[in-house]
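This report concerns only the one structure given below.
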Amino acid sequence: MSSSSPTRQPQTFGLPWPDLNHGLLYNDVVRASDSELTLIEFYSSKYKNSAPLQGWLQRIRNGQITVDGEVVRDPSTILRLPWREPDAPYLLGVLYEDDDMIALNKPSGLQVLPGGLFQQRTVLTQLLCWATNKISPLSCQEPHPVPVHRLGRGTSGILLCAKTKHAKTQLAAYFADGTSNIGDNSNTSMEAHAVRKISKIYRALVTGILCEDKVIVKQPIGVVRYPGVAKGLYVASPTGKPALSKVEVLERGIHKNQTLVQVEIQSGRPHQIRIHLSYIGHPLLGDPLYVLGGQPKCLDSDFVDESFADDGGFLRPTKPVPGDCGYNLHAHQVILSHPSSNEVIKVTAPLPAILRTRQETEELISTTTNIKNAADGKCSFNRFP
């Protein structure tokens, strides 16, 4: 089993975010430099080499262009910048890299793909900038690395990205196979476990004291209408799709009424761990959205109306949404078959301090002290009773 990258030294990359304002129209993003342009000036300058001016005039007058969700028919409408993209962390750690794939250490607070309030400040943006600077002109036809799965914005840890089309296909198939096979009861057998191509292990801090040492959660996950979430919100639902999580207690904090757990997921439903842990009565500590039963705090039919699919023109939703942070969930370890060689690769992301056991913290302090002493030329002794 390989557990380290061909590049031995830890690496990080990321460029500070520019000061971005945005507005939306058609399928375009308006930048600060476009402010105060008229609608027709914007399109005539942006598409001057690819689309005739009369075509854009016709689209505008026919009501085919919307600005912030509203149809605009006047070509002389002046573009305004209605919102500022929120700040987000930008540094990404490289945990593993070879010619086929790269495993990143994503910080909490950074969104993976563009959506909602975050159009530029995403992992994908940083990944493309990094690849552009790294790839030589002779290999510019190679595809840029792309994430093959998602982590919630508030979730930290391992994010797998493919660097080739073959790797993208293989890795995507690993995730899809793990999810699609959950409905088959035979998948809980040791034989099924042995042939799985990928295993994902998370750390989480939950509210309350989980009494059982190990819990298997098989609650299906479905979608309900919810304001501020265009495609609906994922929740625990008897009519949803199968999902399986294996929860193991690592440490109980009696005085703080919280439990540190390890969760292995054999499927990949959106927000699965948050939903499953709240379903069994132990939501993630600080989770602003999910509460007991795997439901959102604010699921009230009084405010769910026919406009639920409109995400507010990228204004901040008034109710909690999945992208809100505050909880502690970390993708700690991934074990997978390499997409080209089939070699078993083990990738581990360092744990945040709050998600370490007391023993792990003590061992880390001891190791750090020994390294420092060695660097200073000092000796270190262990005392025994």
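The values are calculated or read from the model by the stated rules, or taken from the named source; none is laboratory data. Note that the structure is predicted; figures quoted are calculated from it, not measured. Don't worry about glycine lacking a Cβ; one is built from the backbone with ideal geometry, like all the others, and counts go over all protein chains shown. When the accessible area is computed, the model is the full protein with side chains, heavy atoms only, and any ligands, DNA or RNA have been set aside. Shrake-Rupley method; radii C 1.70, N 1.55, O 1.52, S 1.80 Å.
Points worth noting:
- Of the strands (runs of 3 or more DSSP E) entirely within the stretch 1-69, none holds at least 1 residues that are modelled with pLDDT under 65 and touching a Cys at 6+ places or on another chain (Cβ under 9 Å).
- Of the criteria (1) open to solvent by 50 Å² or more (accessible area, probe 1.4 Å); (2) closer than 21 Å to THR357 by Cβ; (3) free of Cβ contacts under 8 Å to residues at least 60 places away in the same chain, which one LEU250 fails: (3)
- Pairs linking a residue in the stretch 101-125 that is under 30 Å from SER340 (Cα atoms) to a residue that is in a strand (DSSP E or B) and open to solvent by 30 Å² or more (accessible area, probe 1.4 Å), with Cβ atoms under 6 Å and 6 or more positions apart or on different chains, are ALA103/LEU95; ASN105/LEU95; THR122/GLN111.
- Index of the failed condition, PRO75 passing every other in (1) in a helix (DSSP H, G or I); (2) at pLDDT 80 or above: (1)
- Which numbered condition ASP99 misses (of (1) assigned to a loop (DSSP other than H, G, I, E, B); (2) at pLDDT 95 or above): (2)
For (1) farther than 26 Å from SER237 by Cβ; (2) modelled with pLDDT under 95; (3) touching a helix residue (DSSP H, G or I) at 6+ places or on another chain (Cβ under 7 Å), each residue gets a yes or a no:
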{"position": "LEU160", "(1), (2), (3)": "yes, no, yes"}
{"position": "ALA173", "(1), (2), (3)": "yes, yes, no"}
{"position": "GLY178", "(1), (2), (3)": "no, yes, no"}
{"position": "ASP184", "(1), (2), (3)": "no, yes, no"}
{"position": "ILE198", "(1), (2), (3)": "no, yes, yes"}
{"position": "TYR202", "(1), (2), (3)": "no, no, yes"}
{"position": "THR207", "(1), (2), (3)": "no, no, no"}
{"position": "ASP213", "(1), (2), (3)": "yes, no, no"}
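- Condition met for TYR202 (in contact with a Leu (Cβ under 8 Å, 6 or more places away or on another chain), in the same structural domain as PRO288 (by the TED database) and hydroxyl-bearing (Ser, Thr, Tyr)): yes
- Among all residues of the stretch 231-239, there is at least one that is open to solvent by less than 60 Å² (accessible area, probe 1.4 Å), at pLDDT below 95 and closer than 25 Å to HIS149 by Cβ.
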